[in-house]
Amino acid sequence: MTSRSVSAARCAAIVGPYTSGKTTLLEALLLQTGAIHRKGSVIEGNSVGDSVPEARDRQMTTEPNFAHCSYLDETWSFIDCPGSIELAQDTHSVLMGVDVAVVVASPEPERALTLAPIFKFLDDYQIPHILFVNKMDKATLRVRDLLESLQSVSDRPLVLRQVPIREGEEVTGFVDLVSERAWRYNLDKQSDLIEMPEQVKDREAEARQELLESLADYDDGLLEQLLEDKVPPSDEIYDQIAKDLAGDLIVPVLFGSAEQGHGITRLLKALRHETPDPALTAARLGVPEGSTLAASVIRTYHQSHTGKMSVARIWRGGVKDGDTLGDDRLSGLYHLMGGETRKIDSAGLGELVALGRMESLQTGDLLTENGRQPDAGLLWPEVPKPVFSLAIRPHNRQDEVKLTASLAKLIEEDPSLVLEHNDDTNEMLLRGQGDIHLKLAVDRLKNRYNVEVDAARPQTAYKETIRKGTKQHSRFKRQTGGHGQFGDVQVEINPLPRGKGFEFVDKVVGGSVPRQYIGAVEHGAKEYLSRGPLGFPVVDVSVTLFDGQHHSVDSSDQAFKTVGRLAMAEGMPNCEPVLLEPIYEVTISVPNEFTNKVHSLVSGRRGQILGFEMQADWKGWDALKCHLPEAELQDLIIELRSLTVGVGSFDWRFDHLQELTGKLAEQVIAQRQDGGA
């Protein structure tokens, strides 16, 4: 294999679906490189990664885990990323700072589809990636059949780098298809070089030819050698693999068992020789030239003992603790090793570091010697739209200010969390990517900031309107000591077309209601609209003031505001009030094998299917468009993911209000009136 000198530190992300074994793979890599001397366990709660309470409690990765090591005198950083699709924002952000991604897969063809969103994101952003098929010690399927199922979810060709050596049903080693050398696995140690078993030779020759043909698709010189039946030198093959990997043209496939330590050295060697240099990564991301220092912030943390920390990848130059960059002074420079923070004095090209107390820095910023550059044009993923919500309030009312400040820190760490106030229901809504995502946020509020919250399903923003008009004569008269209160109005209340809102018309003649009080009547009518006869905000109503009376002494703005509200309260029940529910236009994206199931899902939620078509940017996926009531949208994502092995998603926008009648409307109205809200 060609040796190449790499002076810059390199960085790899470990990605894959939940339970694929990413955190165990990180432990195996750190053990093999000597960064740790005992491999931890997720189940036992002593791994380098997953050190925070939320991860320990769930035995799952809940945020990116950072680790550092040295392999054959080269510096490496590894990032173990969350596997839950609900936490994809964290994964997508840190992927903007890596040279390569290791995609970890289970050897189960029925789970191949869970890799589809990962492969698509990596290809969309042209991030080089290697596929590591984990848990091969438990595999029962032939590698060829497994590869076929995995290829169905990858647009890039999967190129097998090894073939397994089996003894009975057990995988005991592998043959490298480039060097054509065979190795026998050892538990948590480097493999032993052995003679290639006779029973593997035919399969090895066939697989090697397939490897060469895949590479020849991207190199005319290699193709010419194959056509002439020449055997390309191994160094040339390795170089071609590295070149094609850097261009995101192929996905090399390795396999092993992180739990047993099988295949780890081979993975490390592949990473060492084939991972692109940071300079190529910086060019792919669009890091601009011209500055002495260039570093991009890929993650923000708020920690009690160090304050705000910005995790950044250095693309050019270096930093020292105490440096002044623009208006900020660097107060602390660290390497993160799981839950451990290690202070360092300086960091150079390619390193992944945490910058202390750079308060103005935001995730996605480019940092130069002149400070933060928020609009540097770096390649950066879009933040996904929320698909699940909780209504939250502090358990202790005295924590309201503390809650808002704590949530602001969580949102700075994870911008796929959204906090907003719903004016229609007067609820504080925390929105995110699913039930797990929001429950994690609630746990972090308690564990990190000592703020407990009560969380509940949000109310649906029902409204009401009227079906017919009426005329109403109302009078407000109150006599007390001194000046009294007097106002008299005659109004006509009429329905408006859907979406027109509120309209006030002044048709008073002859001064029966003086000009200075007409605005007060309108104000009173508007005030009433916040809660109509059914108990909900009123929309699409016209109020015409056409007559009234006043008193030269007792009339006032307040009196006419009151009588305006009174006229609405007395007249609206006579206008056949009707409940309106919000209807959303929803676009559901799923693999086409689940499209029929989604039809049933939509129909079962009172939805109206508008049509579906192949998703333009995703082969094998459909985009189904429908109308769904807001009440049915609340937990849609939970059932959708359950139906689609976790990969379905949807986008939404408010479309219109629609009348709701019958038993369901009666239940909604009764619940509103019983609750008194």
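Observations
- Trypsin sites (Lys or Arg not before Pro) restricted to region 600-661 and DSSP loop, no more than 15 other C-beta within 10 Å: Arg606, Lys619
- Taking amide hydrogens as placed 1.01 Å from N in the peptide plane, the amide H of Phe612 sits under 5 Å from those of Lys625, each at least 5 positions away in sequence or on another chain.
- Helix axis angle, 662-675 relative to the chain longest principal axis, alpha carbon, degrees: 80 degrees
- Projecting the Cα positions of Asn447, Leu636, Pro514 onto the charge dipole of the chain (unit charges on Cβ atoms of Lys, Arg, Asp and Glu, taken about the Cα centre) puts Pro514 furthest along the positive direction.
- The chain, helix-only ellipticity at 222 nm - DSSP H runs n ≥ 4, -39,500 (n - 2.57), divided by all residues, nearest 500: -8500 deg cm²/dmol
- Annotation: amide H of Ser555 within the under-5 Å range of Phe486, sequence separation 5 or more or interchain, hydrogens built in the peptide plane.
- Computed over all pairs of different Cα atoms, the Kirkwood value for the hydrodynamic radius of the chain is 29.1 Å.
- Hz values of 3J(HN,Hα) by residue in region 88-98 - Karplus curve (6.51, -1.76, 1.60), Gly and Pro given as x: 5, 4, 4, 5, 4, 5, 6, 5, 6, x, 10
- Computed from phi, the 3J(HN,Hα) profile of region 368-374 under the Karplus parametrisation 6.51, -1.76, 1.60 (θ = phi - 60°) reads 10, 4, 9, x, 6, 10, x Hz, with x in place of Gly and Pro.
- Helix 201-216 vs. the chain, principal-axis angle (Cα, 0 to 90°, nearest 10): 60 degrees
- Relative contact order of the chain: 10 percent, from C-alpha pairs under 8 Å at least 6 residues apart in sequence.
- Placing unit charges on the Cβ atoms of the charged side chains and taking the dipole of the chain about its Cα centre, the candidate lying farthest along the positive direction among Thr281, His335, Tyr125 is His335.
- For a straight C-alpha distance cut-off of 19 angstrom, the lysines reachable from Lys269 (same-chain residues fewer than eight places away being disregarded) are Lys22, Lys189, Lys243.
- Projected label distance in nm at Glu213 and Ser360, using a 7 Å step from Cα toward the beta-carbon: 5.9 nm
- Less than 5 angstrom separates the built amide H of Asn46 from those of Ser41, all sequence-distant by 5 or more or on a different chain.
- Subtracting the Cα-Cα distance of His523 and Ser642 from 0.36 nm times their residue separation leaves 37.9 nm of extension gain.
- Of interest is the spacing of the C-alpha centroids, which for region 393-444 and region 312-374 amounts to 28 Å.
- FRET efficiency, 1/(1 + (r/R0)^6) with R0 35 Å, evaluated for Gln479 and Arg515 via beta carbons: 0.85
- Across region 593-603, rounded Karplus estimates of 3J(HN,Hα) from the backbone phi angles (6.51 cos²θ - 1.76 cosθ + 1.60, θ = phi - 60°) give 5, 9, 4, 5, 5, 5, 3, 5, 4, 5, 4 Hz, Gly and Pro being marked x.
- With Cα atoms defining each centre, region 73-131 and region 587-622 are spaced 26 Å apart in the structure.
- All aspartates and glutamates inside 12 Å of Lys561 as judged from Cα atoms, apart from same-chain residues fewer than 8 positions distant: Asp488, Glu522, Glu527
- Annotation for region 1-72 versus region 274-306: alpha-carbon center distance of 20 Å.
- Relative to the Cα centre, the charge distribution of the chain, modelled as +1 at Lys and Arg Cβ and -1 at Asp and Glu Cβ, gives a dipole magnitude of about 2420 debye.
- Taking the square roots of 5 times each eigenvalue of the Cα gyration tensor of region 81-215, largest first, gives ellipsoid semi-axes of 29, 16, 15 Å.
- Per-selection Rg to Rh, region 295-373 - Cα, Kirkwood hydrodynamic radius: 0.91
- Rounded tilt (10° steps) of 515-528 against the dominant C-alpha axis of the chain: 50 degrees
- Selection of trypsin sites (Lys or Arg not before Pro), region 428-496, meeting DSSP coil and at most 15 other Cβ within 10 Å: Arg467, Lys468
Just so you know, all these numbers are worked out from the coordinates, no wet-lab data involved. Since this is a predicted model, take the numbers as computed values, not measurements. Glycine gets a Cβ as well: all are built from the backbone with ideal geometry, and neighbour counts include every protein chain shown.
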